[in-house]
Each structure stands twice: as C-alpha cells, then as structure tokens.
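Enquirer: Below is one structure. I have some questions about it.
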Amino acid sequence: MTAAISVLSVRRGRSQSLFVGDRVVESGIRKQPVDSATIGPHGVAGDTVADTRNHGGADQAIYVYSLEDYAWWEEQLQRSLPVGIFGENLTFSTFGVGEVMIGDRWRIGEVVLETTAPRIPCGKLGAVMKDPRFAEVLRRGRRPGFYARVLATGVVAPGMEVERTGIRKGVGLLELFDLAYNVDAPADELRRVLAAPVAERVRLNTEQRLDRLTQSGAN
C-alpha cells in the first residue's frame, strides 16, 4: 500500500543577517509559512536566495523536507524542532515508500517537481540549529531532504495531496549524498551520476571530478 503524501507547510523567506561563527552573512534560510504560494521556474514566488553562487537556480528551485525526518531528528537530538528550521520551501508529510531517486517526480495540483540533488549542509544550517557542528551531524544522519526543478508551475498550499512518480532505478538520493563526501569515488560511479537528471551544480562538480581521475590515469 502506497503511503499517502501531503503538503504540510509552504514557506518563503527574505534575506537576513546571520552569524556563522565569527562572520555575518546574508541568508534566506529563515523562512515563514504562507497560506499559499505560486511556484514558478525558479521557485516559490517572493522567496529570497541570498547566496546565488551555491543555492537556487532552475535546477535547485525548491527545497523539500519531510515530517518523518523531523520526527527522526527530534528523537536523535532529544529536543523539539519547529517545522521550517531546515530552511525548506515545502514540508511533506512523508516521502513515501522506498528510497527517493534522482528524477523522481512529485505532482501537487498543477505543479510538477523533479528531484535533482540532496542538500549538502553548510555553516548556515549550523547557525540556525545553534550547533556549529551540525553540518557533520547531518552528514552522519543522512537525512538531507532534496532539491527539485520545476517542470510545471502553479499554486501550492498546505493540505494539498502529492502524487509521487518514482523511477525505481538510476541514482538514489542518498547514494548521491554519500558520493559528495567520497573523495575516492571510482569513475564508473561518477559516470552514472552524469547519466541522471541531476542539478547543474552537481553535474559540473562531477565532470570536474571525472576529469581529474582521467588525467591521473584512473578508470
């Protein structure tokens, strides 16, 4: 039986100053809930991406997290976490049965999203979690959520049902997450990534890694 999936929260944020260690940076990670929002090719209308070098863009337009992951973290950390603290645009009740795959599609009314990449945590998440080591904690926990491109635009609101179309093969979200930290990944695994509909930043990084392996004589 397929697990029912629904939208629990829709969020957008504006750029705010954030202390990351001894630095002050601008970030849109702190997002507020809205009753509904239009999702366009570059994400939720009115949402701010302060660091466009590392975030946002057509292939990482929407960040999605799940209530199941929140429940897991609360058990691990032994504290409650407000929905939205991970900086997601959409909070789903669940991601459904089976591993999320790169290329999985999610229909919410007229909107269609396609999974493109896991979230690789940085110091900004540690700042909002009030734990400078949280990027490493999330790495070990392997609950990254996912980025998605927008294949069809429209309006989303809490309570809407989500239909997941899984591709059931190819590159898994967690496989790609682990690969980001594996400096010794073999060339054949990198080539598999390039055959999947990954985000452009992931593709460029993977091509660079593959080029370095080729130049070193590795297969």
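Just so you know, all these numbers are worked out from the coordinates, no wet-lab data involved. Given the structure is predicted, the values throughout are model-derived calculations rather than measurements. Neighbour counts run over all protein chains shown; Cβ positions are idealised from the backbone, glycine included.
Enquirer: How much length would be gained if the chain were fully extended between Thr214 and Val24, taking 0.36 nm per residue of separation minus their Cα-Cα distance, in nm to one decimal? Intermediate values should be presented prior to the final figure.
Expert: Values: separation 190, 0.36 × 190 = 68.40 nm, distance 3.95 nm.
Additional length available on full extension: 64.5 nm.
Enquirer: Still on this structure, I have one more. May I ask you to derive the relative contact order of the chain, considering only C-alpha pairs under 8 Å and at least 6 residues apart, and to give it as an integer percent?
Expert: Values: 456 pairs, mean separation 55.4, N = 219.
Normalised by residue count, the contact order of the chain is 25 percent.
Enquirer: Tell me, what is the FRET efficiency for Ala3 and Leu81 to the nearest 0.05, using R0 = 22 angstrom and their Cβ-Cβ distance as r? Write out the running numbers ahead of the final one.
Expert: Working: r = 21 Å, r/R0 = 0.98.
Result of the calculation: an efficiency of 0.55.
Enquirer: Give me log10 I(q)/I(0) at q = 0.18 Å⁻¹ for the chain, Debye formula, one equal scatterer per alpha-carbon, no solvent.
Expert: For the chain, the Cα-only Debye profile gives -1.41.
Enquirer: Val137: net charge of surrounding residues, Cβ under 15 Å, Lys/Arg +1, Asp/Glu -1, itself excluded? List each step's numbers first, then the result.
Expert: Numbers: positive: Arg79, Arg119, Lys124, Lys130, Arg133, Arg139, Arg140, Arg142, Arg143; negative: Asp69, Glu74, Glu75, Asp131, Glu136.
So the surrounding residues net to +4.
Enquirer: Taking every eigenvalue of the Cα gyration tensor of the stretch 66-109, multiplying by 5 and rooting it, what semi-axes result, largest first, whole Å? Numbers along the way, then the final one.
Expert: Details: eigenvalues 98, 34, 14 Å².
Value: 22, 13, 8 Å, ordered largest first.
Enquirer: For the stretch 27-74, compute Rh as the Kirkwood radius over C-alpha pairs and then the Stokes-Einstein diffusion coefficient at 37 °C and 0.692 mPa s; write the answer in µm²/s, rounded to an integer.
Expert: Details: Rh = 12.3 Å.
The Stokes-Einstein estimate is 268 µm²/s.
Enquirer: Separate question: So if we plug the beta-carbon distance of Ser36 and Ser93 into 1/(1 + (r/R0)^6) with R0 = 22 Å, what FRET efficiency do we get, rounded to 0.05?
Expert: On the way: r = 18 Å, r/R0 = 0.80.
The value I calculate is 0.80.
Enquirer: Okay, next question. Can you divide the C-alpha Rg of the stretch 163-219 by 2.2 N^0.38 Å and report the result to two decimal places?
Expert: Values: Rg = 12.1 Å, N = 57, 2.2 N^0.38 = 10.2 Å.
Against the compact-globule rule of thumb, the ratio is 1.18.
Enquirer: Throw me the Rg/Rh for the stretch 56-131, computed over C-alpha atoms with Kirkwood Rh, two decimals.
Expert: Result: Rg/Rh = 0.97.
Enquirer: Which translational diffusion coefficient, to the nearest whole µm²/s, is obtained for the stretch 98-152 from the Stokes-Einstein equation, given a Kirkwood hydrodynamic radius over C-alpha pairs, 37 °C and 0.692 mPa s?
Expert: Using the Kirkwood radius from Cα pairs, D works out to 261 µm²/s.
Enquirer: While we're here: Choose one answer from Arg164, Arg191, Arg143: the residue with the largest mean-square fluctuation in a GNM of the chain with alpha-carbon springs under 10 Å.
Expert: Arg191
Enquirer: Now, a different point. What's the center-to-center distance, using Cα atoms, between the stretch 20-98 and the stretch 101-153 in Å?
Expert: Answer, in whole Å: 7.
Enquirer: Quick check: convex hull over the Cα atoms of the stretch 1-119, volume per residue in Å³, rounded to an integer?
Expert: Values: hull volume 15.1 nm³, N = 119.
Looking at the stretch 1-119, the number lands at 127 Å³ per residue.
Enquirer: Need the full-extension length gain, Ser15 to Ala58, defined as separation in residues times 0.36 nm minus the C-alpha distance. One decimal, nm. Before the final figure, lay out the partial values.
Expert: Numbers: separation 43, 0.36 × 43 = 15.48 nm, distance 1.91 nm.
Stretched out fully, the Ser15 to Ala58 stretch lengthens by 13.6 nm.
Enquirer: At most 14 other C-beta atoms within 10 Å and a DSSP loop state: those are the exposed GluC sites (Glu not before Pro) I care about. Give me the longest piece of the chain that has none. If you can, show how the numbers build up before the last one.
Expert: Details: sites that count: Glu99, Glu110.
Maximal segment without exposed cleavage sites: 111-219.
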